[in-house]
Amino acid sequence: MSDKGDDRDGVVEGREVVTLGGGCFWCMEAIFDDVKGVDRVESGYSGGRLSNPSYEQVCTGKTGHAEVVQIVFDPDVVSLKALLEFFFTVHDPTTLNRQGSDVGSQYRSVIFYRTDRQKSEAEEVIRSIESAGIWKDPIVTELAPFAEFFKAEGYHAQYFKQNGGQPYCRLVIAPKVAKFREHYRDKLKR
């Protein structure tokens, strides 16, 4: 399902929208779902050439899409800057087209900005992280204007919550979620 609607300017019903890709969308969804001020996180695809791609098509790496999460949040509770700082802590923004064992352009680090303000905030966060020397290698996160979001197939929704016992969930997602929860305890909904 395509989403070009009222969120093109980054605002939906008084909320802000940002679309981020940092590897597997199951990991990103599980993490951002926990953040105070985040109303909704949807897994999907952005940045490609094919309209309404399937997971199987995106996994080939030939559609140009990235696996992303579209986050609707209340900027009075959590800022875009804070979400971007979380984003840069929960994935490796220095590896081109890969996150761990997930390899391909569909796993690239990318921020799809909707406004000039979102773009400049992302650039500011990147500069701050680079000057702090947090990462040994340069950040390769792509900044690209938002064009369209295609919601992933239903079985991807809340994947970690629904399939926590699966090997990928136990070995890859659970440690990332646990680390995030420990580090940002005061930023969590629960």
Subject >> Length added when fully stretched, residue 140-residue 101, from 0.36 nm per residue minus Cα-Cα >> reply: 12.3 nm
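Would you calculate, for the chain, the mean residue ellipticity at 222 nm contributed by helices, counting each DSSP H stretch of 4 or more residues as -39,500 (n - 2.57) and dividing by all residues, to the nearest 500?
Numbers: 6 runs with 55 residues, N = 190.
The per-residue figure over the chain is -8000 deg cm²/dmol.
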Original post:
Assuming R0 = 25 Å, what is the FRET efficiency of residue 92 and residue 119, from their Cβ-Cβ distance, to the nearest 0.05?
Top reply: 0.70
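Can you tell me the order of 43-54, 92-103 when each peptide is scored by its average per-residue count of other Cβ atoms within 10 angstrom, highest first? All intermediate terms of the calculation are to be shown ahead of the outcome.
Values: 43-54: 18.2, 92-103: 16.0.
Highest-to-lowest ranking by the protection proxy: 43-54, 92-103.
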**OP:** Run the quick spin-label model on residue 179 and residue 151: label points 7 Å from Cα toward the beta carbon, then report their separation in nm to one decimal.
**Re:** 3.2
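How high is the relative contact order of the range 17-140? Use alpha-carbon pairs under 8 Å, at least six apart in sequence, and give a whole percent. Working shown, then result.
Working: 209 pairs, mean separation 39.0, N = 124.
About 31 percent, as a whole number.
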Original post:
What ranking do 131-138, 80-87 get when scored by the average of other Cβ atoms within 10 Å per residue, highest first?
Top reply: 80-87, 131-138
Original post:
Given R₀ = 22 Å, FRET efficiency for residue 85-residue 166 by Cβ-Cβ distance, to 0.05?
Top reply: 0.15
Original post:
log10 I(q)/I(0), Debye, Cα-only the range 8-127, no solvent, q = 0.10, 0.13, 0.19, 0.23 Å⁻¹?
Top reply: -0.28, -0.47, -1.02, -1.40
Subject >> 22 Å Cα-Cα reach of residue 189 towards lysines, excluding residues that sit fewer than 8 places from it in its own chain >> reply: 36, 81, 161, 176, 179
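Please sort 142-155, 104-117 by packing, taking for each peptide the average over its residues of neighbouring beta carbons within 10 angstrom, highest first. List each step's numbers first, then the result.
Values: 142-155: 16.3, 104-117: 20.6.
In decreasing order of mean packing, 142-155, 104-117 become 104-117, 142-155.
All of the numbers you see were taken from the coordinates with simple rules; none came from a lab. In this text the structure is predicted, and so the values were computed from the model without any measurement. Neighbour counts run over all protein chains shown; Cβ positions are idealised from the backbone, glycine included.
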